[in-house]
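Q: Sharing a structure, written as structure tokens. Questions coming.
The values are calculated or read from the model by the stated rules, or taken from the named source; none is laboratory data. Only a predicted model underlies this, so the values are computations on that prediction, with no experimental measurement involved. With ideal geometry, Cβ positions are generated from the backbone for all residues, glycine too; neighbour counts draw on all protein chains shown. Just so you know, the surface numbers come from the protein's heavy atoms only, side chains and all, with ligands and any DNA or RNA stripped out. Shrake-Rupley method; radii C 1.70, N 1.55, O 1.52, S 1.80 Å.
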Amino acid sequence: MAKKVLVFAEARDNELRNVSFEAIGAGKEIAAGGEVIAVVVGENVGSLTDPLFHYGADRVIKVEDEKLKNYTSDGYGQAFIQIVDSVDPDAILMPHTSIGKDLAPRLASKLDAGLVSDAIGIELEGEDVVFTRPIYSGKAFEKKKIKEGIILATIRPNNIAPLELDESRSGEVFEESIKIKDLRTIVKEVVRKSTSGVDLSEAKVIVAGGRGVKSEEGFEPLQELADLLGAAVGASRGACDADYCDYSLQIGQTGKVVTPDLYIACGISGAIQHLAGMSNSKVIVAINKDPEASIFSVADYGIVGDLFEVVPLLTQEFKKVLQTS
Amino acid sequence: MNIYVIMKRTFDTEEKIVIENGKISEEGVEFIINPYDEYAIEEAIQLRDDHGGEVTVVSIGDEEVEKELRTALAMGADKAVLINNEDLDDSDQYTTTALLAAYFEDKEFDIILGGNVSNDNSTGQVGPRLAEKLGIAYVTTITKLDIDGTTATMERDVEGDMEIVEAQLPLLVTAQQGLNEPRYPSLPGIMKAKKKPLENIDYDELDVEDDEIEAKTETIERYLPPKKEAGKVLEGELGDQVEELVKLLRQEAKVI
């Protein structure tokens, strides 16, 4: 049955995030011939509406308000619930990002609805929409559906393919005026800490360091490689506990769970709690001095050697081939 | 201050997962306090030590959870509450929220703390869901918390960046790694914990109807990821290995 699907399109630094297009792709599948309506919210989002059509949105709703400059669960929550009321969708999808994780449960609670968090796959089985999601940080998976009523899900970045970009697609943009009452939470300041600007959860390539990195400075060769590849830098719990880097870089069962196309593990032994966070990456490269390190058991390619020798060589080699290609 | 912590008992992060008859087997599994909830408990204890008041740790589960609740008491919490759901077959985050909301209905609280996710289902839903039901503000993934009068100032982790957020009590917050270093229970703490109150409430004693706690979602299947075949460990001169690796990544794996 054709469905009306509302997709929350998220922007960061006034640019739509890839996962927004992935969520539209997911929405198309669930809509099964019905309508996908993308919502974009912020202080000034006028330039963001076209790409939403190019990636398959049938209709776009924009909401602009100075109170929506920074994300707060109160501000976005009020805006979103009013849109849900006016659109009356059969399903709502949000990216499983910092914002989606914060906002979707509130919306679900408000609507007395079920919510499937962190979906990595969608199948239609008869009338049912069945979501696949990791549990135990990817040590296992489950298939889940909403028993009845409105379908709510958050979509993990990097897992569901967006539609092909088609710049000839267009549609109508609707502007919703929203009443936002006083916000109970106020964002005083946003402090940028991410070094390269590539977000771990959305990165196509991750260069990660473990205890073998030995110091804060030890991350420098990894950062150089990452900069060259447009990659994000991550870390194991060991490296974070030893204060070589910020906890925000931690990948594992505590920390972030990532699924990039390429994961380069440098000086990471591969404790089960780290493997849980990265072993579903598409291709894994392990660089470690210890040939017995368990990271090699999940790696597609391994080099036994000192990361401080291997990583700079790797950077050099990539420089060479990327320049000539 | 009336300080509450919502806590979940979870598998130790070192545990392997075994599936039996479509369910996750708990046989021989070591359980712990969900690591993120441990930060919440530690923060609650520090808040009480600075501002006075009482810390109550609330959990949902079967009698086994009393062990983790005792651990929380041994860390320094004052009271523990177990909402026993042993006889409840079907539950999800909606159910958990409904039970907690019913519990908190007649409680006075200044702040509720929890972990930002559990390390089993990792949905991170219950905190925000509960705040919405209780009609209070919430701030997730906090890494710092200061309370002055009724104003809470927090730092929160937003995908690696940091936000400084202000909100008024009553408030619900969820803890991110980096908030604090949870203490280990001391021996005197463990002795004292044995005498601290641990209340066991059956879920149907709460003022909530059966249809208000019925799960909204259904798990159809659980499965393990396909076992990965051992990869290729390269050999030869290091320089040659690196060259081969780059070639493989570009031509075989096609990821660069």
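Q: As a test question: what accessible area, to the nearest 10 Å², does B:LEU198 have when a 1.4 Å probe is rolled over all protein chains in place?
A: B:LEU198 exposes around 40 Å² with every protein chain in place.
Q: Compare each residue of segment A:252-270 in its chain alone against the assembly with all protein chains, and report those whose accessible area goes down by 10 Å² or more; 1.4 Å probe, heavy atoms.
A: Hits at the 10 Å² cut-off: A:GLN253, A:THR254, A:GLY255, A:LYS256, A:ASP261, A:LEU262.
Q: Order B:GLU244, B:GLU86, most accessible first, counting only protein heavy atoms with a 1.4 angstrom probe. Present the calculation step by step, with values, prior to reporting the outcome.
A: Working: B:GLU244 70, B:GLU86 110 Å².
Descending order: B:GLU86, B:GLU244.
Q: Which far-off residues, 5 or more places away or on another chain, put their amide H under 5 Å from the one on A:PHE174, with H placed in the peptide plane?
A: Answer set, sorted by chain and number: A:VAL60, A:ILE61, A:LYS62.
Q: Run through the DSSP bridge list for chain A and note the antiparallel percent, rounded to the nearest 5.
A: Of all bridge pairs located within chain A, approximately 20 percent are antiparallel.
Q: Here is a further query. Mind ranking A:MET1, A:MET94 by accessible surface for me, highest first, 1.4 Å probe?
A: A:MET1, A:MET94
Q: Right, here's the next one. Quick one: ranking B:THR143, A:THR97 by accessible area, 1.4 Å probe, largest first, what do you get?
A: Largest accessible area first, the residues go B:THR143, A:THR97.
Q: Could you tell me what percent of the accessible area of segment A:4-125 is made up of carbon and sulfur, with a 1.4 Å probe and every protein chain present? Please report the intermediate quantities before stating the final value.
A: On the way: 1330 of 3640 Å².
Its accessible area is 36 percent carbon and sulfur atoms.
Q: Take the solvent-accessible surface of the protein heavy atoms, probe 1.4 Å, and return the percent of it on segment A:205-324 that carbon and sulfur atoms account for.
A: 49
Q: Just to confirm, what accessible area per residue do you get for the protein assembly as shown at 1.4 Å probe, in whole Å²?
A: In whole numbers, the protein assembly as shown has 42 Å² accessible per residue.
Q: Same structure, new question: Considering only A:GLY27, A:LEU262, A:MET278, whose Cα is most displaced toward the positive end of the charge dipole of chain A, charges sitting on Cβ of Lys, Arg (+1) and Asp, Glu (-1)?
A: A:MET278
Q: Then there is this: Quick one: of B:LYS8/B:LYS192; A:LYS139/B:LYS133; A:LYS144/B:LYS107; A:LYS67/A:LYS204; A:LYS28/A:LYS147; B:LYS16/B:LYS227, which pairs are farther than 24 Å apart, Cα to Cα?
A: Listed pairs above 24 Å: A:LYS139/B:LYS133; A:LYS144/B:LYS107; A:LYS67/A:LYS204.
Q: Ballpark to the nearest 100 Å², how much total accessible area do B and A bury together, probe 1.4 Å?
A: Accessible area lost upon association: around 7300 Å².
Q: Right, something else. How many Cβ atoms of partner chains, on average, are near each residue of A:297-309 if near means within 10 Å of its Cβ?
A: Partner-chain Cβ atoms within 10 Å, mean over residues of A:297-309: 5.
Q: Quick check: the angle from helix A:73-87's long axis to the longest principal axis of chain A, C-alpha only, nearest 10 degrees?
A: Rounded to the nearest ten degrees, it is 50.
Q: Output the peptides B:58-65, B:69-76 sorted from most to least packed, where packing is the average of other Cβ atoms within 10 Å over each peptide's residues. Mind dumping the intermediate values first?
A: Working: B:58-65: 18.4, B:69-76: 23.6.
Per-residue Cβ counts within 10 Å, averaged per peptide and sorted highest first, yield B:69-76, B:58-65.
Q: Local charge sum around B:GLU27 (other residues, Cβ-Cβ under 12 Å, Lys/Arg +1, Asp/Glu -1)?
A: -2
Q: If you take every DSSP beta bridge whose two residues both sit in chain B, what share of them, in percent to the nearest 5, is antiparallel? Let's see the in-between values first.
A: Working: 19 of 49 bridges.
Restricted to chain B, the bridges split so that about 40 percent are antiparallel.
Q: Next question. With n ≥ 4 as the cut-off for DSSP H runs, can you work out [θ] at 222 nm for chain B, using -39500 (n - 2.57) per run divided by the number of residues, rounded to the nearest 500?
A: My calculation for chain B gives -8000 deg cm²/dmol from helical runs alone.
Q: Something else now. Per the Kirkwood treatment, what hydrodynamic radius in Å, one decimal, follows for segment A:4-175 from the mean inverse distance over all distinct Cα pairs?
A: 15.9
Q: Would you report the distance distribution of C-alpha pairs in the protein assembly as shown as whole percents per 20 angstrom bin, up to the bin with the largest distance?
A: Per 20 Å bin, starting at zero, the Cα-Cα P(r) for the protein assembly as shown comes out as 20, 54, 25, 1 percent.
Q: Output the relative contact order of chain B, whole-number percent, from Cα pairs under 8 angstrom with separation of 6+ residues.
A: 24
Q: To the nearest whole number, what is the average tally of beta carbon atoms from other chains within 10 Å of the beta carbons of peptide A:312-320?
A: Mean inter-chain Cβ contacts per residue within 10 Å come to 4.
Q: Which whole-Hz ³J(HN,Hα) couplings does segment A:92-100 yield from phi under the Karplus relation 6.51 cos²θ - 1.76 cosθ + 1.60, θ = phi - 60°, glycine and proline marked x?
A: Values per residue, Gly and Pro as x: 10, 10, 9, x, 8, 10, 3, 6, x Hz.
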